[in-house]
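This report concerns only the one structure given below.
The values are calculated or read from the model by the stated rules, or taken from the named source; none is laboratory data. Keep in mind that what you see is a predicted model, and the values were worked out from it rather than measured. Ideal geometry is used to build each Cβ from the backbone, glycine not excepted, and the neighbour counts take in all protein chains shown.
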Amino acid sequence: MRCFRAWKSIVLQCGRWKRYNTAPLCATTNGFPTSYETNTTIESISRELRAARRVLVTTHQKPDGDALGSVLAVVRACAAIGVSAEGWVVDPCEGNLRSFEGSTPVKHVNPRAVELPVGDFDLAVVVDTGAWTQLEVIAPWLRSRADCVIGLDHHARGDSVAARRIVDASCGSCTTLLARLVDALGVDMRSGADERGRCSIAEALYMGIATDTGWFRFPNARAAEFALAARLLEAGVDKDAMYQQIEQSSRAARVELQACALSSLEMLNSGRIALMRLRADDFGETGAMPEETAGIVNIPMEIAAVRASVLVVEDAQAGIIKLSFRSKPADDAGSFIDVNELAGRFGGGGHIHAAGAKQKGTLDEVLQRVRAEI
């Protein structure tokens with residue numbers, strides 16, 4: 001198969017790239033809109049949850065481990081205090097992640113279906129995002145209930161999705177933030193566990209921390225994340241089983257898709273930037289699913305000289321091009337590549353070292369734009 005001819009045609013180019021000195025990132029400074037900031041307290045949100053009759057918990061489309069873990073944690077915490085709650089997730093979502101849902105009520109929605117939540121929800125909680133562009137399917141429903149929406153996020157940029165929100169960009173994951181809410185509710189981290197000790201609040205929180213920090217390899221894995229992880233392990237989380245289920249249970253088609261991406265590898269900016277692409281045909285040839293692109297953008301980061309990696313994916317069904325950006329921590333000179341800033345040039349965002357965006361146009365057109373920015 002042509003996709004296995006990886007590394008055969010590496011294109012070396014030179015370009016330009018902005019270097020950044022390290023600086024702390026928070027939700028209210030660094031030039032980000034001051035409107036996207038904390039305007040309530042964890043204690044206030046915990047009181048709202050306790051007073052609610054029925055809660056809807058949702059997150060960004062194509063949820064990753066932190067997004068789904070956040071949804072599961074809030075739904076399970078609500079159940080522990082006797083409040084009815086349901087997760088509402090817009091697919092695709094990796095099957096490896098869905099296996100951690102257990103019996104937790106989570107509805108999965110086709111992104112191309114015109115479907116909105118049905119039920120007498122009197123409170124909505126949006127986790128791991130505050131961007132309307134990541135909530136397109138459920139946006140009409142949320143806008144019609146603006147005063148009843150709570151946001152819990154660890155991204156520095158966002159919109160006025162929630163009337164009341166907690167934004168803490170210092171958190172390595174959204175579940176790091178949600179652990180405070182669980183504590184404020186006075187809920188046992190073991191709540192929700194089945195007879196095998198699976199599907200607890202602790203497991204959901206750990207899934208978010210582990211996946212968003214790259215299993216504690218990324219710079220967002222701070223002392224706070226390690227301390228919380230220790231608490232969760234004491235609460236019964238089986239870290240080895242979780243790692244195997246999430247990272248070592250892939251289909252062969254996913255590995256073939258990785259080869260397709262690697263066969264397109266370009267080294268830009270004197271080898272400092274890696275650029276890869278996946279065409280719609282690559283999915284057809286390999287039989288891989290859209291959600292199986294997770295983690296591919298990180299592969300070129302194994303190259304010593306590479307400081308950042310970009311993956312551009314053609315989604316023919318949705319008619320858009322998806323971009324994923326990753327970068328390494330600061331080097332010995334204290335400089336790094338801020339991919340959040342780069343994603344912002346394409347209408348996206350995220351974190352300094354991990355971000356994403358969507359673009360209209362053809363794959364080749366978007367690739368040209370990326371090369372021009374680099």
Seminar exercise, completed: Here, strands (runs of 3 or more DSSP E) confined to the range 61-172 with at least 2 residues that are assigned by TED's automatic domain parsing to the domain that holds Ala355, in contact with a strand residue (DSSP E or B) (Cβ under 8 Å, 6 or more places away or on another chain) and at positive phi are none
Exercise. Can you tell me which residues in the range 85-104 are surrounded by fewer than 16 Cβ atoms within 10 Å (Cβ to Cβ) and under 20 Å from Asp188 (Cα atoms)?
Worked result: Ser103
Exercise. Taking the range 217-276 as the search range and keeping residues that are in a loop (DSSP other than H, G, I, E, B) and free of Cβ contacts under 8 Å to residues at least 24 places away in the same chain, which one is surrounded by the most Cβ atoms within 10 Å (Cβ to Cβ)?
Worked result: Ser264
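Only one of Ile303, Ile296 is β-branched (Val, Ile, Thr), more than 30 Å from Arg112 (Cα to Cα) and outside the structural domain of Ser99 (by TED's automatic domain parsing); which?
Working: Ile296 fails: more than 30 Å from Arg112 (Cα to Cα).
The conditions single out Ile303.
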Exercise. List pairs: first in the range 297-319 and at positive phi, second of a type outside the set (S, T, N, Q), Cβ under 8 Å, 6+ apart or cross-chain?
Worked result: Gly319/Lys360
For this session: Kindly indicate whether Ile201 is of a type in the set (A, V, I, L, M) and either surrounded by fewer than 16 Cβ atoms within 10 Å (Cβ to Cβ) or closer than 23 Å to Val74 by Cβ (or both).
Result: yes
For this session: Of the conditions (1) over 22 Å from the mean Cα position of the chain (by Cα); (2) modelled with pLDDT under 95; (3) more than 21 Å from Ile337 (Cβ to Cβ); (4) among the hydrophobic types (A, V, I, L, M, F, W, C), Cys78 clears all except one; give me its number.
Result: (2)
Exercise. Does Gly356 count as part of a loop (DSSP other than H, G, I, E, B), within 18 Å of the chain's Cα centre (by Cα) and under 18 Å from Gln134 (Cβ atoms)?
Worked result: no
